[in-house]
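Got a structure for you, written out below as structure tokens; questions coming shortly.
The values are calculated or read from the model by the stated rules, or taken from the named source; none is laboratory data. Treat the numbers as computed from the prediction; the structure is a model and nothing was measured. Backbone-built Cβ (ideal geometry, glycine too); neighbour counts: all protein chains shown.
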Amino acid sequence: MLRFLTAGESHGPSLVTIVEGMPAGIPLNIEFINARLARRQGGYGRGERMAIEKDEVEILSGVRGGFTLGSPIALRIANRDWANWREIMSPAPGAKEDRRVTRPRPGHADLPGGIKYAQGDLRNVLERASARETAARVAAGAIAIAFLECLGVELATHVVRIGPVQVKREIPFDEALGATASPVYCADEEASRSMLEAIDEAREKGDTLGGIFEILVRGLPPGLGSHVHWDRRLDGRLAQALMSIPAIKGVEIGEGFALAAKRGSEAHDEIGFTPGKGFFHYSNRAGGLEGGITNGEILIVRAAMKPIPTLRQPLRSVDWITKEEVVAAVERSDVCAVPAAAVVGEAMVAWVLACAYLEKFGGDHLEEIKKRVKEYWDYVRNL
Ligand SMILES: Cc1cc2nc3c(=O)[nH]c(=O)nc-3n(C[C@H](O)[C@H](O)[C@H](O)COP(=O)(O)O)c2cc1C
Ligand SMILES: C=C(O[C@@H]1CC(C(=O)O)=C[C@@H](OP(=O)(O)O)[C@H]1O)C(=O)O
């Protein structure tokens, strides 16, 4: 079984990831992971924290000579900001009473987390609820991407909405691959410019924006996931993985919510067959998944992110200790983090797909898995 755990507070010394169950023999180098960490830090609309951090991974175990060993892979990403928080975040006794966070921010874990974990200082909740943790996920996801690339799988991730600005046309896979050149990771030039303006306007007003990103995956065989049980359906697993990203509030597969308004005759993908290539669909409204199983078409997954909840013009709240009406705490914050969230989304989708591959094909060394995958493709193409 493939799994990963992360640990680390936003302003603690570092983030830690342990990846367990990754096969041996996957080529992996630090630059490959760091490039993805840098991409997560980027994207127009980020706040001052990203000027402090320069995320770089340290590989503590599980990789030798540029290849995974099959043993647990332990990764560490240092928090540079730790130097400024040493005293406040110290594990030693002696709470800093005067520095407590007591004005819960609407839209954050501050209040429900404070109630649940019975904390006098809401910082004890927000430190771990912070999306800083997603850097650790991107590091784990990079290993999953390295694995998938060896199996001929490609991922393209792009932003399709920021606040009121939506991309008005369908972006094909190869064009989506180029989205990283845009400051908002959007492949459409005109929409990209309007997105930048929308973010600037929100910043000027002390406001924030959300949006939608899309992940396309090419090269998946039909047959990953299963219809036989609720927790084996790949659509459900992808949705869970994406929804677990802070601030993600909706996930769509294929045409998703729009399908609800269509007639059946306009909603489904007719089936065709080419000898020597196998079955195909004439359209891909299902986004590559039917019955919780990949159907051989490009996987299309979208996720909607709500606007960043920390506002420079804060919303009403109630002091956690005195119960007086106050305005919410203002922490330094991003104005828009949809491009960054898209990178995290890509990592999570890659992770779920890596799990699905291992479940279907098994194997402990990459070459063993590649052989099984190739045999399966031969079967699929020659049906
Ligand atoms: C990459 C990324 C960056 C984020 N940056 C901020 C931020 O700077 N300020 C903030 O208040 N929320 C930020 N968030 C959102 C909060 O972490 C999130 O809304 C909060 O943890 C509550 O979780 P929920 O929205 O899933 O309910 C960010 C989310 C992501 C994915
Ligand atoms: C640190 C990251 O994002 C943070 C996510 C975040 C939140 O509340 O989720 C709040 C901000 O933290 P800070 O208050 O330290 O500026 C963001 O910068 C990161 O993405 O690496």
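Whether any residue in the stretch 288-306 is within 16 Å of ligand 1 (Cβ to nearest atom), under 29 Å from D174 (Cα atoms) and outside any strand (DSSP E or B) is what I want to check.
Looking for residues that are within 16 Å of ligand 1 (Cβ to nearest atom), under 29 Å from D174 (Cα atoms) and outside any strand (DSSP E or B), one finds at least one in the stretch 288-306, hence yes.
Please count how many residues of the stretch 87-112 are hydrophobic (A, V, I, L, M, F, W, C), in contact with a helix residue (DSSP H, G or I) (Cβ under 9 Å, 6 or more places away or on another chain) and more than 15 Å from ligand 2 (Cβ to nearest atom).
0
Restricting attention to the stretch 109-146, which residues are over 18 Å from I308 (Cβ atoms), in contact with a Lys or Arg (Cβ under 7 Å, 6 or more places away or on another chain) and within 12 Å of ligand 1 (Cβ to nearest atom)?
Once the filter is applied, which keeps residues that are over 18 Å from I308 (Cβ atoms), in contact with a Lys or Arg (Cβ under 7 Å, 6 or more places away or on another chain) and within 12 Å of ligand 1 (Cβ to nearest atom), the stretch 109-146 yields only V138.
Are there any helices (runs of 4 or more DSSP H) wholly within the stretch 182-272 with 1 or more residues that are surrounded by 19 or more Cβ atoms within 10 Å (Cβ to Cβ) and of a type outside the set (S, T, Y), and if so which?
189-204, 234-243
Okay, residues lined up against (1) away from ligand 1 (no atom under 16 Å from the Cβ); (2) over 26 Å from the mean Cα position of the chain (by Cα):
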{"residue": "T310", "(1), (2)": "no, no"}
{"residue": "V326", "(1), (2)": "yes, yes"}
{"residue": "D334", "(1), (2)": "no, no"}
{"residue": "E359", "(1), (2)": "yes, no"}
{"residue": "L366", "(1), (2)": "yes, no"}
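OK, next. Of the residues A350, A342, A354, A329, only one is under 21 Å from G206 (Cα atoms) and crowded, with 17+ Cβ neighbours inside 10 Å; which?
Within the list A350, A342, A354, A329, the selection yields A329.
Could you count how many residues in the stretch 12-28 are in a loop (DSSP other than H, G, I, E, B) and under 21 Å from the mean Cα position of the chain (by Cα)?
Restricting attention to the stretch 12-28, the residues satisfying the condition of being in a loop (DSSP other than H, G, I, E, B) are 12-13, 21-23, 28.
Keeping just the survivors that are under 21 Å from the mean Cα position of the chain (by Cα) gives 21-22, 28.
So the answer is 3.
Pull out all pairs, ordered by first then second residue, where Cβ-Cβ is under 9 Å, the residues are six or more apart or on different chains, the first lies in the stretch 365-379 and is under 21 Å from G276 (Cβ atoms) and at pLDDT below 95, and the second is surrounded by fewer than 16 Cβ atoms within 10 Å (Cβ to Cβ) and among the charged types (D, E, K, R).
none
Mind listing whichever residues of the stretch 113-122 are surrounded by fewer than 20 Cβ atoms within 10 Å (Cβ to Cβ) and either within 17 Å of T322 (Cα to Cα) or within 14 Å of ligand 2 (Cβ to nearest atom) (or both)? Full working, then the answer.
Residues of the stretch 113-122 surrounded by fewer than 20 Cβ atoms within 10 Å (Cβ to Cβ): 113, 115-121.
Correct list: G113, I115, A118, Q119, G120, D121.
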